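Taking it in order: structure first as C-alpha coordinates, then the write-up.
The values are calculated or read from the model by the stated rules, or taken from the named source; none is laboratory data. Just so it is clear, the structure is predicted and the values come from calculations on it, not from any experiment. Positions of Cβ are generated from backbone atoms using ideal geometry, with glycine treated the same way; all protein chains shown enter the neighbour counts.
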Amino acid sequence: MLTADLMCYLVWVVVQETENVQLNSTNADVDPKPSLRRLRLGVRAIFEYLQALEKYSTIEESDSSKNKFSQCVEEWISQLHHELLAMNELRQLFLLQLRHFDHEFQSHQCLCDIICANHALLLTLERAVQQPQYSVSFHLNNHLNQFCTKTVMSRYGSALEEFRTNDYFVNESIFTMLRRVGCDLGRLDLLCQPIILRPLSKIWQEDFEICDDWHDLIERLVRKFTEDLLNDCEMVYPHTSKQGSPDRESYQLMVESDQQPLDTLAEEFASDHDPFTGTYGYIVKSLIRQLTDVGFNKQLGWIQSSLLTACATRLGTYGGQEFLYSVCCSCVAMKIPCPIVPWTELEASGLRSERFRFLLQLMGLIPQFSQFFFYPKIPSEWSADVLYSFALLFGPIPDHVDFDLTLVKEVNLPILPHF
(Lines give C-alpha, C1' and ligand atoms only; values in the text may rest on other atoms or scores of the structure.)
Protein backbone atom coordinates (compact mmCIF):
# COMPACT_ATOMS: atom_id res chain seq x y z
CA MET A 1 0.00 0.00 0.00
CA LEU A 2 1.19 3.50 -0.81
CA THR A 3 1.99 5.46 2.35
CA ALA A 4 3.99 8.54 3.33
CA ASP A 5 6.25 6.30 5.42
CA LEU A 6 7.14 4.27 2.33
CA MET A 7 8.06 7.44 0.44
CA CYS A 8 10.15 8.62 3.41
CA TYR A 9 12.11 5.39 3.28
CA LEU A 10 12.65 5.67 -0.49
CA VAL A 11 13.93 9.23 -0.12
CA TRP A 12 16.38 8.06 2.55
CA VAL A 13 17.57 5.17 0.35
CA VAL A 14 18.20 7.44 -2.64
CA VAL A 15 20.12 9.96 -0.49
CA GLN A 16 22.23 7.17 0.99
CA GLU A 17 23.04 5.67 -2.42
CA THR A 18 23.72 9.13 -3.87
CA GLU A 19 26.40 9.58 -1.24
CA ASN A 20 27.80 6.10 -1.90
CA VAL A 21 28.01 6.76 -5.64
CA GLN A 22 29.88 10.02 -5.03
CA LEU A 23 32.35 8.29 -2.71
CA ASN A 24 32.87 5.27 -4.94
CA SER A 25 33.36 7.38 -8.07
CA THR A 26 36.47 8.92 -6.49
CA ASN A 27 37.92 5.61 -5.30
CA ALA A 28 39.55 3.57 -8.04
CA ASP A 29 39.62 0.49 -5.80
CA VAL A 30 35.83 0.35 -5.41
CA ASP A 31 33.39 -0.81 -8.08
CA PRO A 32 30.62 1.84 -8.27
CA LYS A 33 28.19 -0.45 -10.12
CA PRO A 34 26.39 -1.89 -7.05
CA SER A 35 25.70 1.62 -5.68
CA LEU A 36 24.65 2.85 -9.11
CA ARG A 37 22.26 -0.06 -9.46
CA ARG A 38 20.72 0.55 -6.03
CA LEU A 39 20.45 4.27 -6.76
CA ARG A 40 18.61 3.63 -10.00
CA LEU A 41 16.30 1.12 -8.31
CA GLY A 42 15.47 3.75 -5.68
CA VAL A 43 14.66 6.38 -8.30
CA ARG A 44 12.58 3.87 -10.27
CA ALA A 45 10.69 2.91 -7.11
CA ILE A 46 9.72 6.55 -6.50
CA PHE A 47 8.66 6.88 -10.14
CA GLU A 48 6.48 3.77 -9.95
CA TYR A 49 4.99 4.95 -6.64
CA LEU A 50 3.96 8.24 -8.25
CA GLN A 51 2.59 6.48 -11.33
CA ALA A 52 0.51 4.18 -9.13
CA LEU A 53 -0.85 7.18 -7.21
CA GLU A 54 -1.75 8.87 -10.49
CA LYS A 55 -3.58 5.74 -11.61
CA TYR A 56 -5.55 5.57 -8.35
CA SER A 57 -6.38 9.27 -8.65
CA THR A 58 -7.65 8.85 -12.22
CA ILE A 59 -9.82 5.87 -11.28
CA GLU A 60 -11.24 7.70 -8.28
CA GLU A 61 -12.16 10.75 -10.38
CA SER A 62 -13.94 8.61 -12.97
CA ASP A 63 -15.86 6.61 -10.36
CA SER A 64 -19.42 7.91 -10.34
CA SER A 65 -20.60 5.59 -7.55
CA LYS A 66 -19.93 7.48 -4.31
CA ASN A 67 -20.28 4.54 -1.98
CA LYS A 68 -18.53 4.16 1.37
CA PHE A 69 -15.52 2.39 -0.15
CA SER A 70 -14.92 5.03 -2.83
CA GLN A 71 -15.20 7.75 -0.18
CA CYS A 72 -12.47 6.01 1.86
CA VAL A 73 -10.26 5.79 -1.25
CA GLU A 74 -10.88 9.48 -1.98
CA GLU A 75 -9.89 10.45 1.57
CA TRP A 76 -6.78 8.27 1.42
CA ILE A 77 -5.65 9.79 -1.91
CA SER A 78 -6.34 13.31 -0.64
CA GLN A 79 -4.34 12.68 2.54
CA LEU A 80 -1.44 11.21 0.57
CA HIS A 81 -1.40 14.20 -1.78
CA HIS A 82 -1.33 16.52 1.23
CA GLU A 83 1.61 14.65 2.75
CA LEU A 84 3.59 14.58 -0.51
CA LEU A 85 3.09 18.33 -0.87
CA ALA A 86 4.71 18.82 2.52
CA MET A 87 7.77 16.70 1.62
CA ASN A 88 10.30 19.35 0.64
CA GLU A 89 13.12 16.78 0.62
CA LEU A 90 11.28 14.74 -2.03
CA ARG A 91 11.04 17.80 -4.27
CA GLN A 92 14.71 18.64 -3.76
CA LEU A 93 15.82 15.04 -4.29
CA PHE A 94 15.69 15.17 -8.07
CA LEU A 95 17.48 18.51 -8.24
CA LEU A 96 20.20 16.88 -6.14
CA GLN A 97 20.35 13.96 -8.61
CA LEU A 98 20.57 16.27 -11.61
CA ARG A 99 23.39 18.31 -10.06
CA HIS A 100 25.36 15.20 -9.09
CA PHE A 101 24.78 13.33 -12.36
CA ASP A 102 28.03 12.20 -14.00
CA HIS A 103 28.04 10.74 -17.53
CA GLU A 104 31.32 9.01 -16.80
CA PHE A 105 29.66 6.66 -14.31
CA GLN A 106 25.92 6.95 -14.90
CA SER A 107 24.03 5.82 -17.96
CA HIS A 108 21.67 7.71 -20.24
CA GLN A 109 18.81 5.57 -18.95
CA CYS A 110 19.62 6.57 -15.38
CA LEU A 111 19.37 10.24 -16.36
CA CYS A 112 16.04 9.59 -18.07
CA ASP A 113 14.74 7.83 -14.95
CA ILE A 114 15.57 10.92 -12.86
CA ILE A 115 13.90 13.27 -15.34
CA CYS A 116 10.78 11.09 -15.64
CA ALA A 117 10.42 10.67 -11.88
CA ASN A 118 10.71 14.42 -11.43
CA HIS A 119 8.10 14.99 -14.14
CA ALA A 120 5.73 12.53 -12.47
CA LEU A 121 6.25 14.33 -9.15
CA LEU A 122 5.47 17.73 -10.67
CA LEU A 123 2.25 16.33 -12.18
CA THR A 124 1.32 14.91 -8.76
CA LEU A 125 1.98 18.25 -7.06
CA GLU A 126 -0.07 20.12 -9.67
CA ARG A 127 -2.96 17.76 -9.06
CA ALA A 128 -2.60 18.11 -5.28
CA VAL A 129 -2.72 21.93 -5.20
CA GLN A 130 -6.02 21.84 -7.09
CA GLN A 131 -7.73 20.04 -4.22
CA PRO A 132 -10.26 22.23 -2.34
CA GLN A 133 -8.81 21.18 1.03
CA TYR A 134 -5.27 22.12 -0.05
CA SER A 135 -3.55 23.92 2.85
CA VAL A 136 0.21 23.40 2.47
CA SER A 137 2.28 26.47 1.66
CA PHE A 138 3.76 25.46 -1.70
CA HIS A 139 4.23 27.52 -4.84
CA LEU A 140 5.16 25.56 -7.95
CA ASN A 141 6.94 28.42 -9.72
CA ASN A 142 9.18 29.01 -6.70
CA HIS A 143 10.23 25.39 -6.90
CA LEU A 144 10.70 25.49 -10.68
CA ASN A 145 12.98 28.51 -10.36
CA GLN A 146 15.57 26.16 -8.87
CA PHE A 147 15.79 24.41 -12.25
CA CYS A 148 16.86 27.69 -13.84
CA THR A 149 20.58 26.99 -13.96
CA LYS A 150 22.87 26.10 -16.84
CA THR A 151 23.93 22.91 -15.08
CA VAL A 152 20.43 21.52 -14.64
CA MET A 153 19.29 22.55 -18.11
CA SER A 154 22.35 20.92 -19.66
CA ARG A 155 21.22 17.60 -18.14
CA TYR A 156 17.92 17.93 -20.01
CA GLY A 157 19.79 18.72 -23.22
CA SER A 158 21.97 15.66 -22.74
CA ALA A 159 18.90 13.44 -22.30
CA LEU A 160 17.29 14.96 -25.42
CA GLU A 161 20.26 13.99 -27.60
CA GLU A 162 18.75 10.49 -27.79
CA PHE A 163 15.30 11.81 -28.78
CA ARG A 164 14.94 9.21 -31.55
CA THR A 165 15.25 6.25 -29.17
CA ASN A 166 13.70 7.84 -26.07
CA ASP A 167 10.15 6.69 -25.40
CA TYR A 168 7.37 9.26 -25.58
CA PHE A 169 7.15 9.87 -21.82
CA VAL A 170 10.89 10.66 -21.65
CA ASN A 171 10.68 13.23 -24.45
CA GLU A 172 7.49 14.67 -22.95
CA SER A 173 9.22 15.04 -19.57
CA ILE A 174 12.17 16.83 -21.19
CA PHE A 175 10.14 19.18 -23.37
CA THR A 176 7.74 20.03 -20.56
CA MET A 177 10.60 21.19 -18.35
CA LEU A 178 12.22 23.13 -21.21
CA ARG A 179 8.89 24.85 -21.84
CA ARG A 180 8.38 25.61 -18.15
CA VAL A 181 11.82 27.20 -17.88
CA GLY A 182 11.98 28.85 -21.28
CA CYS A 183 8.40 30.06 -21.73
CA ASP A 184 6.60 30.05 -18.37
CA LEU A 185 9.55 31.45 -16.41
CA GLY A 186 10.98 33.53 -19.26
CA ARG A 187 14.45 31.96 -19.19
CA LEU A 188 15.01 31.11 -22.84
CA ASP A 189 18.58 32.32 -22.34
CA LEU A 190 19.30 29.16 -20.31
CA LEU A 191 18.22 27.01 -23.26
CA CYS A 192 20.68 28.70 -25.65
CA GLN A 193 23.35 26.08 -24.96
CA PRO A 194 24.88 23.89 -27.69
CA ILE A 195 23.88 20.72 -25.81
CA ILE A 196 20.23 21.80 -26.05
CA LEU A 197 20.30 23.54 -29.43
CA ARG A 198 21.88 20.56 -31.23
CA PRO A 199 19.09 18.03 -30.64
CA LEU A 200 16.42 20.69 -31.14
CA SER A 201 17.87 21.63 -34.53
CA LYS A 202 17.90 17.95 -35.54
CA ILE A 203 14.28 17.56 -34.47
CA TRP A 204 13.42 20.60 -36.59
CA GLN A 205 15.42 19.43 -39.63
CA GLU A 206 14.11 15.86 -39.53
CA ASP A 207 10.51 16.96 -39.03
CA PHE A 208 10.38 14.66 -36.02
CA GLU A 209 6.80 14.22 -34.82
CA ILE A 210 6.17 16.43 -31.79
CA CYS A 211 3.18 18.32 -30.46
CA ASP A 212 2.38 21.95 -31.28
CA ASP A 213 3.52 23.24 -27.88
CA TRP A 214 6.98 21.83 -28.49
CA HIS A 215 7.10 23.30 -32.00
CA ASP A 216 6.24 26.67 -30.47
CA LEU A 217 9.07 26.28 -27.96
CA ILE A 218 11.60 25.53 -30.70
CA GLU A 219 10.44 28.50 -32.79
CA ARG A 220 10.71 30.89 -29.84
CA LEU A 221 14.12 29.52 -28.94
CA VAL A 222 15.39 29.91 -32.52
CA ARG A 223 14.22 33.53 -32.54
CA LYS A 224 15.85 34.16 -29.17
CA PHE A 225 19.12 32.56 -30.24
CA THR A 226 19.21 34.51 -33.53
CA GLU A 227 18.49 37.83 -31.82
CA ASP A 228 21.13 37.26 -29.17
CA LEU A 229 23.68 36.13 -31.73
CA LEU A 230 23.17 39.28 -33.71
CA ASN A 231 23.34 41.48 -30.62
CA ASP A 232 26.17 39.82 -28.79
CA CYS A 233 27.77 36.46 -29.53
CA GLU A 234 28.66 36.04 -25.88
CA MET A 235 24.98 35.63 -25.08
CA VAL A 236 25.23 32.10 -26.49
CA TYR A 237 26.75 31.30 -23.07
CA PRO A 238 24.61 33.47 -20.78
CA HIS A 239 25.53 34.22 -17.20
CA THR A 240 23.05 33.28 -14.51
CA SER A 241 20.87 36.31 -13.79
CA LYS A 242 19.15 37.35 -10.59
CA GLN A 243 15.92 35.76 -11.83
CA GLY A 244 17.22 32.20 -11.59
CA SER A 245 18.61 29.99 -8.89
CA PRO A 246 22.33 30.41 -8.20
CA ASP A 247 24.54 28.06 -10.19
CA ARG A 248 28.05 26.88 -9.42
CA GLU A 249 29.55 29.80 -11.33
CA SER A 250 27.76 32.28 -9.06
CA TYR A 251 29.87 31.23 -6.09
CA GLN A 252 33.11 30.34 -7.85
CA LEU A 253 34.94 33.55 -6.95
CA MET A 254 33.73 33.53 -3.35
CA VAL A 255 34.78 29.91 -2.85
CA GLU A 256 38.09 30.16 -4.72
CA SER A 257 39.13 32.99 -2.41
CA ASP A 258 38.80 30.58 0.49
CA GLN A 259 40.82 27.58 -0.66
CA GLN A 260 43.42 27.40 2.09
CA PRO A 261 44.02 23.66 2.68
CA LEU A 262 42.28 22.06 5.65
CA ASP A 263 45.58 20.84 7.10
CA THR A 264 46.96 24.38 7.11
CA LEU A 265 43.84 25.78 8.74
CA ALA A 266 43.93 23.07 11.38
CA GLU A 267 47.59 23.78 12.15
CA GLU A 268 46.85 27.51 12.51
CA PHE A 269 44.13 26.93 15.06
CA ALA A 270 45.93 24.08 16.86
CA SER A 271 48.99 26.27 17.42
CA ASP A 272 46.94 28.86 19.32
CA HIS A 273 43.96 26.98 20.77
CA ASP A 274 43.12 23.74 22.53
CA PRO A 275 39.61 22.68 21.43
CA PHE A 276 39.14 20.78 24.70
CA THR A 277 39.43 23.94 26.81
CA GLY A 278 36.89 26.60 27.64
CA THR A 279 37.92 28.61 24.56
CA TYR A 280 36.25 26.14 22.18
CA GLY A 281 33.08 28.21 21.76
CA TYR A 282 35.16 31.32 21.14
CA ILE A 283 37.19 29.53 18.43
CA VAL A 284 34.08 28.32 16.60
CA LYS A 285 32.35 31.71 16.89
CA SER A 286 35.48 33.42 15.57
CA LEU A 287 35.48 31.14 12.54
CA ILE A 288 31.77 31.77 12.04
CA ARG A 289 32.40 35.54 12.08
CA GLN A 290 35.12 35.14 9.44
CA LEU A 291 32.76 33.17 7.20
CA THR A 292 29.97 35.69 7.76
CA ASP A 293 32.29 38.51 6.70
CA VAL A 294 32.95 36.82 3.33
CA GLY A 295 29.28 36.16 2.59
CA PHE A 296 28.45 32.71 3.96
CA ASN A 297 25.45 33.84 6.04
CA LYS A 298 22.93 31.59 4.31
CA GLN A 299 25.20 28.56 4.32
CA LEU A 300 25.78 29.01 8.06
CA GLY A 301 22.02 29.34 8.54
CA TRP A 302 21.63 26.02 6.71
CA ILE A 303 23.86 24.27 9.26
CA GLN A 304 22.06 25.86 12.21
CA SER A 305 18.69 24.90 10.74
CA SER A 306 19.88 21.30 10.23
CA LEU A 307 21.01 21.09 13.86
CA LEU A 308 17.66 22.46 15.08
CA THR A 309 15.75 20.00 12.88
CA ALA A 310 17.78 17.15 14.37
CA CYS A 311 17.09 18.55 17.84
CA ALA A 312 13.33 18.64 17.16
CA THR A 313 13.50 15.07 15.86
CA ARG A 314 15.31 13.89 19.00
CA LEU A 315 12.52 15.46 21.06
CA GLY A 316 9.87 13.55 19.08
CA THR A 317 8.34 16.70 17.57
CA TYR A 318 7.61 15.04 14.24
CA GLY A 319 5.95 11.92 15.63
CA GLY A 320 3.33 10.87 13.09
CA GLN A 321 4.65 13.48 10.63
CA GLU A 322 8.04 12.00 9.78
CA PHE A 323 7.40 12.84 6.12
CA LEU A 324 8.25 16.48 6.93
CA TYR A 325 11.93 15.55 7.35
CA SER A 326 12.34 12.12 5.81
CA VAL A 327 16.11 11.77 6.06
CA CYS A 328 16.56 13.03 9.61
CA CYS A 329 13.60 11.09 11.03
CA SER A 330 14.73 7.89 9.28
CA CYS A 331 18.28 8.22 10.62
CA VAL A 332 17.11 8.90 14.18
CA ALA A 333 14.81 5.88 14.03
CA MET A 334 17.70 3.70 12.81
CA LYS A 335 20.15 5.31 15.28
CA ILE A 336 22.70 6.17 12.60
CA PRO A 337 24.53 9.47 11.81
CA CYS A 338 22.28 11.89 9.95
CA PRO A 339 23.64 13.47 6.74
CA ILE A 340 23.37 17.22 6.31
CA VAL A 341 22.39 17.13 2.64
CA PRO A 342 23.15 20.17 0.44
CA TRP A 343 19.75 20.20 -1.25
CA THR A 344 20.41 23.50 -3.05
CA GLU A 345 23.33 24.88 -5.03
CA LEU A 346 23.75 27.63 -2.45
CA GLU A 347 24.19 25.04 0.31
CA ALA A 348 26.57 23.00 -1.84
CA SER A 349 28.71 26.10 -2.39
CA GLY A 350 29.52 26.12 1.33
CA LEU A 351 31.01 22.63 1.15
CA ARG A 352 33.37 23.78 -1.61
CA SER A 353 34.99 26.20 0.85
CA GLU A 354 37.88 24.74 2.83
CA ARG A 355 37.32 27.20 5.67
CA PHE A 356 33.62 26.27 5.86
CA ARG A 357 34.53 22.58 5.90
CA PHE A 358 37.10 23.24 8.62
CA LEU A 359 34.36 24.76 10.77
CA LEU A 360 32.29 21.60 10.31
CA GLN A 361 35.33 19.47 11.08
CA LEU A 362 36.02 21.48 14.24
CA MET A 363 32.43 20.91 15.34
CA GLY A 364 32.68 17.18 14.73
CA LEU A 365 30.33 17.18 11.73
CA ILE A 366 33.12 16.04 9.40
CA PRO A 367 35.50 13.37 10.79
CA GLN A 368 39.08 14.60 10.41
CA PHE A 369 40.59 11.51 8.79
CA SER A 370 37.52 9.67 7.51
CA GLN A 371 37.05 8.92 3.82
CA PHE A 372 33.65 7.32 4.26
CA PHE A 373 31.52 10.47 4.23
CA PHE A 374 30.60 12.70 1.32
CA TYR A 375 28.10 14.81 3.28
CA PRO A 376 28.60 16.25 6.78
CA LYS A 377 27.04 14.01 9.42
CA ILE A 378 25.27 14.73 12.71
CA PRO A 379 26.47 12.03 15.14
CA SER A 380 23.77 9.65 16.34
CA GLU A 381 24.87 9.94 19.98
CA TRP A 382 24.32 13.70 20.24
CA SER A 383 21.39 14.52 22.51
CA ALA A 384 18.85 17.29 21.97
CA ASP A 385 20.76 19.47 24.46
CA VAL A 386 24.03 19.02 22.55
CA LEU A 387 22.38 19.82 19.23
CA TYR A 388 20.75 22.91 20.72
CA SER A 389 24.07 24.05 22.21
CA PHE A 390 25.87 23.70 18.88
CA ALA A 391 23.06 25.61 17.14
CA LEU A 392 23.53 28.47 19.63
CA LEU A 393 27.10 28.96 18.36
CA PHE A 394 25.62 30.29 15.11
CA GLY A 395 23.66 33.03 16.85
CA PRO A 396 20.17 33.51 18.29
CA ILE A 397 17.68 30.71 17.77
CA PRO A 398 14.95 31.72 15.25
CA ASP A 399 11.45 32.31 16.56
CA HIS A 400 9.91 29.68 14.29
CA VAL A 401 11.60 26.55 15.70
CA ASP A 402 9.42 23.44 15.82
CA PHE A 403 9.96 22.60 19.48
CA ASP A 404 9.47 24.12 22.92
CA LEU A 405 12.74 25.78 23.98
CA THR A 406 11.99 24.95 27.62
CA LEU A 407 12.66 21.29 26.77
CA VAL A 408 16.37 21.91 26.10
CA LYS A 409 19.28 23.52 27.91
CA GLU A 410 22.76 24.69 26.94
CA VAL A 411 25.58 22.26 27.82
CA ASN A 412 29.37 22.45 27.72
CA LEU A 413 31.07 21.83 24.37
CA PRO A 414 32.76 20.16 22.58
CA ILE A 415 31.23 16.71 22.68
CA LEU A 416 33.03 15.20 19.70
CA PRO A 417 31.62 12.15 17.88
CA HIS A 418 32.91 8.61 17.59
CA PHE A 419 31.82 7.67 14.07
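Just a few scattered comments:
- From the list 403, 390, 373, the lone residue that is hydrophobic (A, V, I, L, M, F, W, C), part of a loop (DSSP other than H, G, I, E, B) and either out of contact with any helix residue (DSSP H, G or I) (no Cβ under 6 Å at 6 or more places or on another chain) or crowded, with 22+ Cβ neighbours inside 10 Å (or both) is 373.
- Cβ separations smaller than 9 Å between residues 6+ apart or across chains give the following pairs from segment 386-398 residues that are at positive phi to residues that are among the small types (Gly, Ala, Ser) and modelled with pLDDT of 95 or more: 395/301.
- Taken as a whole, the condition of being surrounded by 13 or more Cβ atoms within 10 Å (Cβ to Cβ), in a loop (DSSP other than H, G, I, E, B), out of contact with any Ser or Thr (no Cβ under 8 Å at 6 or more places or on another chain) and touching a residue at least 24 places away in the same chain (Cβ under 8 Å) applies to residue 2.
- Residue count for segment 355-407, restricted to those that are within 22 Å of residue 18 (Cα to Cα) and among the charged types (D, E, K, R): 2.
- When we screen 11, 21, 30 for residues that are under 27 Å from residue 78 (Cα atoms) and either part of a helix (DSSP H, G or I) or not hydroxyl-bearing (Ser, Thr, Tyr) (or both), the only hit is 11.
- Test: residue in segment 71-81 that is hydrophobic (A, V, I, L, M, F, W, C), in contact (Cβ under 8 Å) with a residue 60 or more places away in the chain and over 21 Å from residue 174 (Cα atoms): yes
- Scanning segment 147-171 for residues that are under 30 Å from residue 79 (Cβ atoms) and crowded, with 18+ Cβ neighbours inside 10 Å returns a single hit, 147.
- Considered as a group, the residues in segment 123-151 that are in contact (Cβ under 8 Å) with a residue 60 or more places away in the chain and in a helix (DSSP H, G or I) include one that is farthest from residue 203 (Cα to Cα), and that residue is 127.
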